[in-house]
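Take a look at the structure set out below.
The values are calculated or read from the model by the stated rules, or taken from the named source; none is laboratory data. This structure is a prediction, so every number in the text was calculated from the model and none was measured. Glycine also receives a Cβ, built like all others from the backbone with ideal geometry; neighbour counts cover every protein chain displayed.
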Amino acid sequence: MQATWLEDGFSSAIAKDQIPMGYADTNFMLSLDYQLASVSGVLPASGPSGLRPSAIASEARLLRGARVVAAARADAAGRFTIRNLIPGPYTLRVRGDDGAWKTFQIKLAPGQNLEIKPLGQLLRPGTVYAYPNPAASYVKFHLESDILPVRKRLSVFSVDGKLVKSVEDGDAGWTNPSANVYQYQWDFSGGKPPSGVYFYSVKLKHELSGETEGTTRKFAVIR
């Protein structure tokens, strides 16, 4: 007789053999305490005025291997939630209102409420800019993304290609004034950077799929 517990792709087992036929006094116990997790997100609509075509229902499916362990339909706002999940690795498949499926690998920690936005623009067009431009004492870089979670990198170069400044997630100066909006403020000091024209590069990376997208713009400094 063998009892097996599976978690995070690993198995634990207890077994006893040579049990006589009809013997009724073989007892064992497996126990494990853990906090259930959940995953939720938004599947943006692409129809007119953000309305979703009724012919295609946006949905999310959670798989372990090839087996679907949970699924959820998105509501009218495109939001889905799957609760009461055992912590561990999963494959998340989401279908938007265009009918296309996208696949992501996620890992849920005990008690984690993972919120993601797996569809939409990684870097929203027209949302990357620097102001004031030209700048005198500081410059603020602005960008927006439909994706969550996302990693950010900002690099500033002089006209001759030399790296002047580079910042990433976790560095001081980043703010998140509203949902999906990110800003970084660079305060000038000590005569640096000197007056001139500079190029800045913004690069975003989708933490689940590994996809990247970026753009390059320029701004001026007048001291």
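Just a few scattered comments:
- Scanning region 159-202 for residues that are free of Cβ contacts under 8 Å to residues at least 24 places away in the same chain and either hydrophobic (A, V, I, L, M, F, W, C) or at positive phi (or both) yields 161, 163, 167, 170, 172, 173, 174, 179, 190.
- Here region 87-137 is the region considered, the condition is being among the charged types (D, E, K, R) and either without any contact (Cβ under 8 Å) to a residue 12 or more places away in the chain or not in a loop (DSSP other than H, G, I, E, B) (or both), and the residue that is farthest from residue 67 (Cα to Cα) is 115.
Listed here are the residues, each with its yes/no results for (1) of a type in the set (S, T, N, Q); (2) closer than 27 Å to residue 167 by Cβ; (3) buried (at least 16 other Cβ atoms within 10 Å of the Cβ).
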residue: 96; (1), (2), (3): no, no, yes
residue: 108; (1), (2), (3): no, no, yes
residue: 111; (1), (2), (3): no, no, no
residue: 120; (1), (2), (3): no, yes, yes
residue: 127; (1), (2), (3): yes, yes, yes
residue: 132; (1), (2), (3): no, yes, no
residue: 136; (1), (2), (3): no, yes, no
residue: 153; (1), (2), (3): no, yes, yes
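- Residue within region 96-109 that is farther than 22 Å from residue 74 by Cα and at pLDDT 90 or above present: yes
- Scan of region 72-86 for residues that are in contact (Cβ under 8 Å) with a residue 12 or more places away in the chain and not in a strand (DSSP E or B), ordered by number: 74, 76, 77, 78, 86
- Some residue of region 77-84 being among the β-branched types (Val, Ile, Thr), farther than 19 Å from residue 149 by Cα and modelled with pLDDT of 90 or more: no
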